[in-house]
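First the structure, in the form of structure tokens, and then the observations on it.
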Amino acid sequence: MLKTDQSSKRPSAAQPTLDGKLILVVDDDPVFRRLTGGYLISQGCTVCEAGNGVEGLQALKAEAPDLVICDINMPVLNGLEFVEEVCQAYPSLPMIVISATEDISDVAKVLKYGIKDFLPKPIENYAFLGEALVNTLNDSSNYIADQRDFASQWFRVDGGGEMPEEEELHWHLEYLQKNPGAARDLLLALMPDNDSSQGIWRCSYRLLQSADALPLVFDYIWSMNGQYAFYIVDSNSQTCCDGIATSLLVRALFHDYLRNQKCLSADLKDLADILEKGISCTRTASPISAILGIVNVVDGTLSVLPAGMDCHWSNGHCSQHIAGGVELGNNCRKNFITQDLPLGDLTQLSASSIGISSFSLNISRRIRPDI
């Protein structure tokens with residue numbers, strides 16, 4: 001481990017909040033550590049270096065860094081293992097992951113641990129690293145980090161549709177646009193667990209899609225009051241960059257909206273309004289085909305707001321086709337909301353695009369054995 005300081009140099013005016021911060025850089029590449037450390041020192045930081053995950057854990061015990069920068073590919077204890085250990089032992093410590101293009105699936109895995117940002121290697125402009133450090137440290141100091149996932153960090157959303165920080169957003173999207181395979185891997189790897197349950201109800205989804213197109217993106221959140229809120233977005237319904245940006249924006253706003261609801265009931269029109277506000281004020285996003293829905297397991301019903309994507313509902317006794325209407329971003333709240341569809345022992349909501357994708361959400365009642 002190597003610890004360096006340069007108290008005689010002051011940070012630039014553009015990065016005042018980095019002054020005096022202790023940053024731990026964990027990477028097996030000494031050239032990367034030297035270049036990154038040199039930049040951080042020029043910004044007024046103290047830098048602690050580690051060449052692998054084991055040394056990084058030792059450094060954490062010896063020091064108390066304000067933030068950790070970590071590579072994915074490292075010997076002895078790799079980045080995934082290191083991030084998992086740190087998140088368990090130091091859950092409030094902010095981290096930024098550095099990764100090469102081929103590591104994008106691993107990046108998605110560490111993002112699920114709560115990592116707020118990633119930057120691709122090589123870093124061609126260290127000003128972007130400085131911006132990411134400032135944003136992550138500010139969120140952490142304001143106790144915002146625990147309320148946001150990585151997509152919210154990118155878009156800097158708060159309260160539903162705040163204007164994003166375009167420079168940082170364009171940095172990430174430019175990388176994903178240049179690497180469509182990486183973008184696809186990221187969107188797929190960020191999908192939630194296939195199966196989840198609350199009480200006697202179980203929800204599971206199945207998704208089949210072409211390897212040549214951007215994917216359907218699905219996500220859900222269970223609330224404490226028995227609601228299973230979800231959305232489906234067809235990222236392939238727009239150009240590559242717009243589809244990626246809009247899918248990530250929807251994910252960010254969806255999670256922020258549900259977290260802000262806490263114990264209150266989610267409302268499909270309110271959710272649609274927030275998503276559309278975010279799309280309208282973000283230059284890199286555009287209208288997109290989607291479905292919004294809420295399963296209420298307390299009263300046994302499903303409500304669906306289509307937003308440009310057709311779907312089909314059935315519960316074993318009856319079925320219904322739900323027309324897509326206008327897309328999300330084109331005032332989809334005027335589409336007809338199909339409300340209070342009754343749940344059966346096995347209810348299915350399905351959507352498909354011929355030759356490209358097939359999606360189904362299955363909602364079933366688990367039979368408890370007699371006691």
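Rundown of residues vs (1) under 19 Å from Asp242 (Cβ atoms); (2) over 27 Å from the mean Cα position of the chain (by Cα); (3) in contact (Cβ under 8 Å) with a residue 24 or more places away in the chain, yes/no style:
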{"residue": "Asp267", "(1), (2), (3)": "no, no, no"}
{"residue": "Ser286", "(1), (2), (3)": "yes, no, yes"}
{"residue": "Pro306", "(1), (2), (3)": "no, no, yes"}
{"residue": "Cys311", "(1), (2), (3)": "no, no, yes"}
{"residue": "Arg333", "(1), (2), (3)": "no, no, yes"}
{"residue": "Thr338", "(1), (2), (3)": "no, yes, yes"}
{"residue": "Leu343", "(1), (2), (3)": "no, yes, yes"}
For the stretch 61-85, which residues satisfy the criterion of being within 28 Å of the chain's Cα centre (by Cα), under 24 Å from Ala108 (Cα atoms) and of a type in the set (A, V, I, L, M, F, W, C)?
Leu67, Val68, Ile69, Cys70, Ile72, Met74, Leu77, Leu80, Phe82, Val83
Is the stretch 203-219 home to any residue that is among the basic types (Lys, Arg) and either crowded, with 19+ Cβ neighbours inside 10 Å or modelled with pLDDT under 85 (or both)?
no
Hey, Ala89 hits all of (1) under 29 Å from the mean Cα position of the chain (by Cα); (2) at pLDDT 90 or above but one; which does it fall short on?
(2)
Report yes if some residue within the stretch 38-49 is under 19 Å from Pro120 (Cβ atoms) and either over 27 Å from the mean Cα position of the chain (by Cα) or surrounded by 23 or more Cβ atoms within 10 Å (Cβ to Cβ) (or both); otherwise report no.
yes
So Asp71 fits all but one of (1) modelled with pLDDT of 90 or more; (2) surrounded by fewer than 20 Cβ atoms within 10 Å (Cβ to Cβ); (3) under 28 Å from Asp185 (Cα atoms); what number is the exception?
(2)
Regarding the stretch 351-359, can at least one residue be identified that is touching a residue at least 24 places away in the same chain (Cβ under 8 Å), crowded, with 22+ Cβ neighbours inside 10 Å and closer than 17 Å to Ser196 by Cα?
yes
Inspect all residues belonging to the stretch 5-12 and state whether any of them is out of contact with any strand residue (DSSP E or B) (no Cβ under 6 Å at 6 or more places or on another chain), outside any helix (DSSP H, G or I) and either surrounded by 20 or more Cβ atoms within 10 Å (Cβ to Cβ) or at pLDDT 90 or above (or both).
no
Can you confirm whether Ile123 is closer than 26 Å to Ala182 by Cβ, part of a strand (DSSP E or B) and modelled with pLDDT under 95?
no
Kindly establish whether Lys61 is part of a helix (DSSP H, G or I), surrounded by fewer than 15 Cβ atoms within 10 Å (Cβ to Cβ) and not hydrophobic (A, V, I, L, M, F, W, C).
yes
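The values are calculated or read from the model by the stated rules, or taken from the named source; none is laboratory data. Predicted model only: the values in this text are computed from it and were never measured. A quick note on method: Cβ atoms are made from the backbone with ideal geometry, for glycine too, and the neighbour counts reach across all protein chains shown.
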